[in-house]
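Here the structure is laid out as structure tokens; the discussion comes afterwards.
Every number here is computed from the coordinates shown, using simple stated rules; none is lab data. Computed from a predicted model, the values in this text were never measured in an experiment. Don't worry about glycine lacking a Cβ; one is built from the backbone with ideal geometry, like all the others, and counts go over all protein chains shown.
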Amino acid sequence: MAEQTVATTSRQETSMTPKETTHSRERTLTPPVDIYETPDGLVVLADLPGVSKEGLDVRVENDILTIRGTSSDGLPGEPIYREFELANYFRQFELSEKVDQNKITAELKHGVLTLKLPKAEEAKPKKIEVKVN
Amino acid sequence: MANWDSFDEIEALRRHLGRAFQEFTFENEPVSRVVFLPGKAPRRYPLINLNEDKDNFYLEALAPGVDPASLNITTVRNKLTLSGEKRRVEGEIRPEAFHRSERASGKFVRTLELPIEVDEGKVKAEYRNGILKLTLPKAERAKPKQITVNVG
């Protein structure tokens, strides 16, 4: 699994990095992720605070997994102290063909996205029985 | 030409900077004392934004993946303490199974000093989409009083 975007130097959730594509000037946040492997496949966890189910867009096109999140939020009253600013989230990963793209599942809970990417059947390790005569 | 005392100048500058830092930090300890310590500077978690209107403070804290049951919010006068735990992943995962590990996790405590006292009994908290939102009504006794001037 390779990543399309250049990794950020700072891992602060609020670090703003301009998108590498030149199309838009929109500034996006790179969500921090955890990726781990299980016998069945890969699990991707991404912190996307402020993103609701409706604002989330996860898609796979040409073996590229794209995570986009729109955070719409606001506090009433006048701002007096600021430590973070919410923006839209964007991050891309390149999938190996070993992932069964039709069986990817996504779950969003408490601002954390959990993606399960099951391995394709042919990529799973097979146990080979050795017969000794 | 006036005598230029470089030590005096430096001292004045230091005081000035110290004051500037103090104004911009929310907590009472100046940032400078923390950030220049060797090693990793303690990170503030969760990050917060604070708004106010006439009657309330509104606070939002960036805390994705925090177990709502572990959240503990207490207020005493104008001090607000947020604590909780953000778990990394559910279940036991072998460390070697990780390809990437970027998300912050662990237990946190953060104490904030609000500009004026709040009404401890009426604080409301809501946790949605990984953002904790608090509404903290300002205490009646701490609100500025309007005084009408009688013209005799």
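Observations, loosely collected:
- At an R0 of 22 angstrom, the distance between the Cβ atoms of B:ALA97 and A:LYS98 translates into a FRET efficiency of 0.85.
- When peptides B:143-152, B:83-92 are ranked by their average number of other Cβ atoms within 10 Å per residue, the highest-first order is B:83-92, B:143-152.
- Look at the stretch B:123-135: the mean tally of other chain Cβ atoms within 10 Å of its residues' Cβ atoms is 4.
- Distances between placed amide hydrogens fall under 5 Å for B:LYS138 paired with B:ASN56, B:PHE57, B:ASP119, all partners being 5 or more residues away or on another chain.
- Cross-link partners for B:LYS124 among the aspartates and glutamates, with Cα-Cα distance under 14 Å and sequence neighbours closer than 8 places in the same chain left out: B:ASP55, B:GLU60.
- Separation of alpha-carbon centers, the stretch B:49-93 and the stretch A:95-133, rounded to whole Å: 36 Å
- Separation of the A:SER72 and B:ASP67 label points, Cα + 7 Å toward Cβ, nm: 3.3 nm
- Full extension of the chain between B:ARG141 and B:ARG128 yields a length gain of 1.5 nm, computed as 0.36 nm times the residue separation minus the alpha carbon distance.
- Note on A:LYS98: lysines with a C-alpha under 17 Å away, same-chain residues under 8 apart excluded, are A:LYS116, A:LYS119, A:LYS124, A:LYS126.
- Cα gyration tensor shape of the stretch B:49-125, rounded if a/c is under 1.5, else prolate or oblate by comparing a/b with b/c: prolate
- Label positions at A:ARG82 and A:ILE128, each projected 7 Å from the Cα along the C-beta direction, are separated by 6.2 nm.
- Database remark: amide H of B:LYS86 closer than 5 angstrom to the amide H of B:GLY106, B:LYS107, B:PHE108 (H placed geometrically; neighbours at sequence offset of 5 or more, or on other chains; Pro and chain starts carry no H).
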